[in-house]
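Colleague: Handing you this structure, nothing more for now.
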Amino acid sequence: ACLGDDFNEAFLKSLLAVGFRLPERSVLLSTGPIDCKAEMLGSARVFAEAGLKLYATRGTSEFLAENGIETEILRWPLSKKRPGAIEYISAGKVDLVINIPKNNERDELDNDYLIRRAAVDFDVPLITDLQLAKRFAEALSSGAVSRLRARSWREYR
């Protein structure tokens, strides 16, 4: 549900105020279990329609492809296959990482940790919460980015 233009603008401003950078070229999606993948479908469409290149881990990529959204597969860190998620993050090819945990299996936790760690180490914005990721996509699709402007403190009081 749309939360409104004022909310979307304030939401983006709050992210920017803490150093979050809006993606300009690409997003890496690793969206967890099937129910989360389904919930993120609309957000993935928003990113694609915004002209962002979508990278995704294998399961997410397959799900998105089944739903008409093109992605490039990036491999899990532990697989040692290329192209790898960490390779792309460290090379600056990824502007935003959305990594939603899938389950508590050891390999899954380790892969998620390595991707998140790489995002932090290479100063790539990271979202790990499904609702936050959806709100972020909603704010982008609302046109709030084009309305962002600096205001004096007095305008808020």
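The values are calculated or read from the model by the stated rules, or taken from the named source; none is laboratory data. Since we're looking at a predicted model, the values are computed, not measured. Don't worry about glycine lacking a Cβ; one is built from the backbone with ideal geometry, like all the others, and counts go over all protein chains shown. All accessible areas refer to the heavy atoms of the entire protein, side chains included, with ligands and DNA or RNA removed. Shrake-Rupley method; radii C 1.70, N 1.55, O 1.52, S 1.80 Å.
Colleague: Only residues that are open to solvent by 70 Å² or more (accessible area, probe 1.4 Å), in contact (Cβ under 8 Å) with a residue 12 or more places away in the chain and more than 12 Å from Gly42 (Cα to Cα): list them for the range 122-141, please.
Modeller: Listed by number, the residues that qualify are Phe122, Asp129.
Colleague: While we're here: Could you list, in sequence order, all residues of the range 71-95 that are assigned to a loop (DSSP other than H, G, I, E, B), in contact with a strand residue (DSSP E or B) (Cβ under 7 Å, 6 or more places away or on another chain) and under 22 Å from Gly51 (Cα atoms)?
Modeller: Correct list: Thr71, Leu74, Pro83, Lys93, Val94, Asp95.
Residue by residue, here is whether (1) exposed (fewer than 13 other Cβ atoms within 10 Å of the Cβ); (2) hydroxyl-bearing (Ser, Thr, Tyr) holds:
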| position | (1), (2) |
| --- | --- |
| Gly19 | yes, no |
| Val46 | no, no |
| Thr71 | no, yes |
| Tyr88 | no, yes |
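Colleague: Go through the range 90-105 and give me each residue that's surrounded by fewer than 20 Cβ atoms within 10 Å (Cβ to Cβ) and of a type in the set (A, V, I, L, M, F, W, C).
Modeller: Ala91
Colleague: I would also like to ask the following. Can you name the condition, by its number, that Tyr55 falls short on among (1) open to solvent by 50 Å² or more (accessible area, probe 1.4 Å); (2) touching a strand residue (DSSP E or B) at 6+ places or on another chain (Cβ under 8 Å)?
Modeller: Going through the list (1) open to solvent by 50 Å² or more (accessible area, probe 1.4 Å); (2) touching a strand residue (DSSP E or B) at 6+ places or on another chain (Cβ under 8 Å), Tyr55 breaks only (1).
Colleague: May I ask you to say which residue of Lys102, Lys53, Lys81 is under 15 Å from the mean Cα position of the chain (by Cα) and among the charged types (D, E, K, R)?
Modeller: Lys53
Colleague: With a cut-off of at least 2 residues that are at pLDDT 90 or above, name the helices (runs of 4 or more DSSP H) lying wholly within the range 99-157.
Modeller: Result: 106-121, 130-141.
Colleague: Now, a different point. How many residues are open to solvent by 80 Å² or more (accessible area, probe 1.4 Å), in contact (Cβ under 8 Å) with a residue 12 or more places away in the chain and in a helix (DSSP H, G or I) when one looks only at the range 21-38?
Modeller: Here the count works out to 1.
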